[in-house]
C-alpha cells in the first residue's frame, strides 16, 4: 500500500530521515564508549554521577527522539509510491538490520538504567565489543540502500 499524497514530500522526508539517522547513529556509537569509561570509575563517586548525567541526556535528549523520528520517517518513505520495489530483497535485509539496531538501542537503554543505579552490568571489554555493533549494522544498511545488491 502506498499513499500518493506523500510523493511531493519525498525529498523532505528523505532528508529529515537521513538527519535523524545521523543523530541516532551518533548516540549509538557514543553511548557504549561512555559505558567503557563509566566502567572504569568507582560506583557512587562524582565521576560516576557525571557519566550518569551524560548518559541520561544522550539517551533522552538525542537517541530516543532520533530513533522515533527514524522509524516514523522511514515508515513514511515506505508508504511513498515508487520508493520500495517490494519484489527486491535488499529491503528485507535493511529492515532486519534496523530491527536489530533498535534492539541494540533497547539493550543500551536498559544498561543505562543499571549504570544510573550504580551497577556495572557488563565489563569494559564487553562495552568495547558492543561499540562495534552499530557500525557494522550501519554499513549493512547503507550498502542495502545505496547498492541494492539483491
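The share of Cα pairs per 10 Å bin across region 10-146, counted from zero up to the longest distance, runs 12, 40, 28, 14, 5, 1 percent. Peptide packing: for 10-18, 55-63, 80-88, the average count of neighbouring Cβ atoms within 10 Å per residue gives the ranking 55-63, 10-18, 80-88, highest mean first.
Between the helical axis of 46-58 and the longest alpha-carbon principal axis of the chain there is an angle of about 10 degrees. Dividing the radius of gyration of the alpha carbons in region 109-150 by their Kirkwood radius gives 1.24 for Rg/Rh. Within region 27-94, the proportion of Cα pairs with more than 20 Å between them is 51 percent.
Spin-label model, residue 88 to residue 75: label points 7 Å out along the Cα-to-beta-carbon direction sit 2.2 nm apart. Maximal additional length on extending the residue 109-residue 147 stretch stands at 10.5 nm, based on 0.36 nm per residue less the C-alpha distance.
Across the chain, C-alpha contacts under 8 Å between residues 6 or more apart give a mean separation that, scaled by the residue count, equals a relative contact order of 39 percent.
Quick note: the coordinates plus some simple rules give every number you see, no bench work behind them. All values derive from a computational prediction rather than experimental measurement. All Cβ positions, glycine included, derive from the backbone under ideal geometry; neighbour counts span all protein chains shown.
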